[in-house]
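Taking it in order: structure first as structure tokens, then the write-up.
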């Protein structure tokens with residue numbers, strides 16, 4: 001296949017933006033899956049200024065809304081017959097309890113359920129490509145807490161627990177993809193880019209609180225450009241990072257509950273049932 005296609009969620013800011021800019025010359029077409037179409041249009045123009053031959057397609061996709069995810073996937077399926085690399089990058093943090101349109105805790109919906117459904121819908125296109133690569137941007141926050149029922153709408157909300165479990169879910173997704181499809185050529189990597197200074201979470205607190213919290217934390221963060229390097233390395237070196245967990249570019253083993261096969265199986269099965277899917 002002559003046309004190489006990259007699809008990425010959350011490309012308009014932070015890690016996603018830096019990743020797209022760095023990889024723009026390595027693919028002939030880029031699909032920008034995002035909520036903010038104004039930012040996406042500006043990014044498209046910026047990419048085309050650097051590479052006039054690049055094909056850039058904007059796909060509206062709100063990962064917290066399953067209908068939006070299905071619509072976005074359908075749009076892609078009708079326009080493209082393959083995707084060489086899918087990067088599940090988008091994510092969010094909420095400091096107070098919010099529910100998605102579909103009634104799920106918002107972080108679990110945005111960080112896990114939406115990407116799971118999108119991956120399921122686009123997987124045939126990925127498997128129809130020469131490259132066959134999926135990058136899941138996870139987080140070291142998976143270490144905060146093990147998975148626990150009820151998975152998708154917890155009775156008690158805690159931002160650290162909620163975020164940690166949503167990211168543990170993404171780690172389980174990457175492991176499941178590797179286990180089920182690596183023998184068929186799929187190269188999957190779960191990436192923790194480090195503590196990256198981005199806008200994630202800043203829109204979910206008041207400006208005063210946000211300025212205090214992020215002002216204290218910013219010295220501990222790396223820049224979005226630095227954080228994107230772990231994602232870029234995983235894309236560029238599938239023979240090194242395929243089937244592993246990358247922590248800031250270093251291949252490391254995951255903690256005990258991050259490799260709990262029994263819980264992963266229970267969680268994935270519950271996800272399939274919730275989304276009315278037969279298999280990933």
query = When a footprinting reagent is the concern and you count Cβ atoms within 10 Å, what order do 157, 261, 116, 267 take, fewest first?
reply = 261, 157, 267, 116
remark   = Among beta bridges assigned by DSSP with both residues in the chain, the antiparallel ones amount in percent, to the nearest 5, to 15
key: the chain - Rg over Rh from alpha carbon coordinates, Kirkwood radius   = 0.93
Anisotropy class of the stretch 1-96 from Cα gyration tensor, a/c 1.5 cut = oblate
remark   = Using alpha carbon centers only, the stretch 60-80 is separated from the stretch 1-45 by a whole-angstrom value of 16
remark   = Residue separation between residue 79 and residue 255 times 0.36 nm, minus their alpha-carbon distance, gives in nm 59.3 nm
task = Please build a GNM for the chain, connecting alpha carbons under 10 Å apart, and tell me which residue among 52, 251, 231 fluctuates the most.
result = 52
note = Counted neighbours (other Cβ, 10 Å), sorted fewest up, put 158, 269, 276 in the order 276, 269, 158
request  = Among 179, 18, 239, determine the one that fluctuates most according to a GNM of the chain built with springs between C-alpha atoms less than 10 Å apart.
outcome  = 239
query = Using a Gaussian network for the chain with springs between C-alpha atoms less than 10 Å apart, which of these wobbles most: 17, 264, 97?
reply = 97
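Coordinate-derived values only; no laboratory data. Note that the coordinates shown come from a computational prediction; the quantities given were computed from them, not determined experimentally. Every residue, glycine among them, receives a Cβ derived from its backbone with ideal geometry; neighbour counts consider all protein chains shown.
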